[in-house]
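Accompanying notes for the structure given below.
Please treat every number below as a calculation from the coordinates, not as lab data. Predicted model, so just to flag it, every value in this text is computed and none were measured. We place every Cβ from the backbone using ideal geometry, glycine too, and count neighbours over all the protein chains shown.
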Amino acid sequence: MKIIADFHIHSKYSRAVSPKMNLEEISKHGKIKGIDIIGTGDFTHPLWFSELKEKLVLNSSNFYSLKGGNSINFVITGEVSLIYVKNGKTRKVHIVLICPDLEIAEKVNKRLAEDQNLSSDGRPIFSLDAKEFLKIILDISKDIVVIPAHIMTPWFSLYGSRSGFDSIYECFEELSDYIYAFETGLSADPSMLVQIKECRERTLLSNSDAHSPAKLGREANVFDCDLNYNAVIQKIKENDLLETIEFYPEEGKYFNDGHRKCGINFSYKETEKYGGICPVCQKPLTLGVLNRVSALSDFKGGTDCKFKSLVPLREILGEILGVQPLTKTVSREYEKLIREFKSEFNILLYEDIANIKKIDKVLSIAIEKVRKGEIEITPGYDGEFGKVRVFGEGQKEKQILQQTLL
């Protein structure tokens, strides 16, 4: 059975998150995307946790569902930010937790609340060493899955160029074997990360880190197993994913090196040419994911990692229609397509192109190009998302010749 899961999202109680990120909207939009299992996010926040206890009920698959309604499968998840000093350097590491149930999640909250502030944000900041945090979690339950988040982003990750480590052992020491999985992050995909031995030895999960309903499932994980909590978790521990669904990593905010304020967007080879220094302000450049992967790589051969890369449907429609992805114009066309083809993932990844062509020829060409990777991307850098173009300049007109779009 093919199952799609997105474990890492945020609730309305996190900073810079849409107020629409409530359980009802998450469930509704998760179904539209074609997601089977979605994380609750933010279970450490007291108000959000109260909502989880009030509105969710354990179902026959050992996931959770909304009470009294047709619901997506929820799994109890959250992210924390650890900021501390180790070996003379300030470290900033983000961690995602997957809990078996609300009872164990509540034990985590009670223990952390003894000496940390859980109310400040849906993704709380703790002054805890990552190893000590992991020890606290394992003492509560070894059934909690601990996942270093977006492991290559410069500022807040295990391997981050500005605040991370060069190896997992530096971070978690003798407890490293309890880390079964890493999260790739939007600026990396499995083909990049498997160049590093520690990544080859662990499951590489991809999640949306969504702050709004429209962003749910922009990355996700595909399992071939029963729709059952224990079966899914076992697949994670055994590094047995069917595939992941990926952003094109160049579209992520930290793919290239650079300085956003100075307008400097460098490949890592250009960064070498300038000695890592911005030619405009003469300060060190923010080193992106591709640079960091290159620095830590111990393997240049081929890999058998399986994933599919996509461009979100709203972005494709926005380009075709010449408007922003979140406009009402795009929403109208998006909703028509969902009614016709059931879900966004089905349209982007699985639906026969001939069937899409019957609805709209321009869209069918765009979807086919995205599936083949025949797109143009200006890479993201230093917190700036990359810019994707499905059609090159003038290409749309040459191919479609004045057709009415959608």
Using 0.36 nm per residue of separation minus the Cα-Cα distance, give me the extension gain between LEU326 and LYS342 in nm, one decimal. 3.8 nm
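I'd like the FRET efficiency for ASN70 and ARG260, computed as 1/(1 + (r/R0)^6) with the beta carbon distance as r and R0 of 51 Å, rounded to 0.05. Provide the component values of the computation, followed by the final result.
Numbers: r = 43 Å, r/R0 = 0.85.
In this case the efficiency is close to 0.75.
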Rounded to a whole number, what is D in µm²/s for the range 262-310 from Stokes-Einstein with the Kirkwood radius over alpha-carbon pairs (10 °C, 1.306 mPa s)? 123
Backbone HN-Hα couplings from phi across the range 231-236 [Karplus 6.51/-1.76/1.60, Hz, Gly and Pro as x]: 5, 5, 5, 5, 4, 5
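Please give the peptides 285-293, 231-239 ranked by average Cβ packing (other Cβ atoms within 10 Å per residue), highest first, as a rough proxy for protection.
Result, highest mean Cβ count within 10 Å first: 285-293, 231-239.
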State the Cα centre-to-centre distance between the range 1-68 and the range 128-202 in whole Å. 24
Enumerate the amide H contacts of ILE264 below 5 Å, restricted to partners 5 or more residues apart or on another chain; note that Pro and chain-start residues carry no placed amide H. HIS259
Can you tell me how much longer the chain between LYS135 and SER191 gets when fully stretched, taken as 0.36 nm per residue apart minus their C-alpha distance, in nm with one decimal? 17.1 nm
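What does DSSP give for the range 238-362 in terms of the percent of beta bridges that are antiparallel, rounded to the nearest 5?
Values: 5 of 9 bridges.
Approximately 55 percent, going by the DSSP bridge assignments.
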Arranged from highest to lowest average of other beta-carbon atoms within 10 Å per residue, in what order do the peptides 245-252, 270-277, 47-54 appear? 245-252, 47-54, 270-277
Setting aside same-chain residues fewer than 8 positions from LYS273, which lysines have a Cα under 17 Å from its Cα? LYS283
Between GLU54 and GLU238, what length in nm is gained on full extension when 0.36 nm per residue of separation is reduced by their alpha carbon distance? 62.9 nm
Which lysines have a Cα lying under 19 Å from the Cα of LYS33, excluding residues fewer than 8 positions away in the same chain? LYS2, LYS20, LYS215, LYS308, LYS328, LYS336, LYS342
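Take ILE83, ILE95 and order them by how many other Cβ atoms sit within 10 Å, fewest up front.
In order of increasing Cβ crowding within 10 Å: ILE83, ILE95.
Report the FRET efficiency, 1/(1 + (r/R0)^6), for GLU335 and LYS86, where r is their Cβ-Cβ distance and R0 is 51 Å, rounded to 0.05.
Working: r = 49 Å, r/R0 = 0.97.
FRET efficiency, GLU335 to LYS86: 0.55.
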For peptides 73-81, 59-67, sequence by mean Cβ density within 10 Å, most packed first: 73-81, 59-67
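Express the relative contact order of the chain as a whole percentage, based on alpha carbon pairs under 8 Å and six or more residues apart in sequence. Don't skip to the answer; put the middle values down first.
Details: 873 pairs, mean separation 62.0, N = 406.
After rounding, I find 15 percent.
Report, to two decimal places, the Cα Rg of the range 131-222 normalised by 2.2 N^0.38 Å (N = number of residues).
On the way: Rg = 13.5 Å, N = 92, 2.2 N^0.38 = 12.3 Å.
Its radius of gyration relative to the 2.2 N^0.38 Å reference: 1.10.
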If I take R0 = 51 Å and measure r between the Cβ atoms of ASP352 and LYS110 in this structure, what FRET efficiency does the formula 1/(1 + (r/R0)^6) give, to the nearest 0.05? 0.50
Using alpha-carbon pairs under 8 Å, 6+ residues apart, how would you state the relative contact order of the range 1-129 in percent? 27
